[in-house]
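Just below is one structure, and these are the notes that go with it.
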């Protein structure tokens, strides 16, 4: 970890302790189909009995950020209240032809691609209003992508607390260790948001890092 990154993280930690908020606003970020909405739904279902929205196998199903406020997580005597922002999937390229591969006609595919592009811009703007980030990665995919590297670099530059969520550990080719190797400077929590596997470890990490 570089010296400047250490200084930024220490300053951000000090700042949060001095000006501690009653609740933290946490953004759920990551590439399309990593499981961001599934994770948001899991957290809400476990602690409020509600969900934030529908998920889909089609990329960029979430095309507008969705905010849910006042979720209280209690772990081992520690309580933290957070607002969750479920953000659109981040991508360096959005092509309407990709949507047509899922059976959408050309007009619908172009509309979806336009909305997805606008969603990426909106997700980036939300970074100015966040206190921390859950970065969701598909543990079955190569983590060392331009999107992941860019997002992590952006979080580090802002001094935002960051937890990497290695999702989909219920699948046979999942490798959370590959994510840990790619980004050793940040905590990596392996889970299955869909099945709820190891979700308690994520809640403990949220209480520790965002409490």
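Please treat every number below as a calculation from the coordinates, not as lab data. Computed from a prediction, not measured in an experiment: that's the story for all the values here. Positions of Cβ are generated from backbone atoms using ideal geometry, with glycine treated the same way; all protein chains shown enter the neighbour counts.
Miscellaneous remarks
- Among 126, 47, the order by Cβ neighbours within 10 angstrom, fewest to most, reads 47, 126.
- 0 to 90° range, to nearest 10: angle between helix 146-158 axis and the chain longest Cα axis: 30 degrees
- Potential lengthening between residue 51 and residue 105 on full extension [0.36 nm per residue; Cα-Cα distance subtracted]: 16.5 nm
- In terms of packing, defined here as the mean over residues of other Cβ atoms within 10 angstrom, the peptides 159-172, 33-46, 140-153 line up highest first as 33-46, 159-172, 140-153.
- Approximate shape of the chain as ellipsoid semi-axes (Cα gyration tensor, √5λ), whole Å, largest first: 27, 19, 18
- Hypothetical label at residue 197: residues of the stretch 137-171 whose amide nitrogen lies under 17 Å (7 Å Cα-Cβ projection): 137-142, 165-171
- With Cα atoms, 0 to 90° folded angle of helix 106-126 axis to the chain main axis: 10 degrees
- Compared with the dominant Cα axis of the chain, that is its longest principal axis, helix 3-18 is turned about 70°.
- The DSSP beta bridges internal to the stretch 25-210 are antiparallel in roughly 35% of cases.
- Taking each DSSP H run with n ≥ 4 as -39500 (n - 2.57) and averaging over every residue of the chain yields -12500 deg cm²/dmol at 222 nm.
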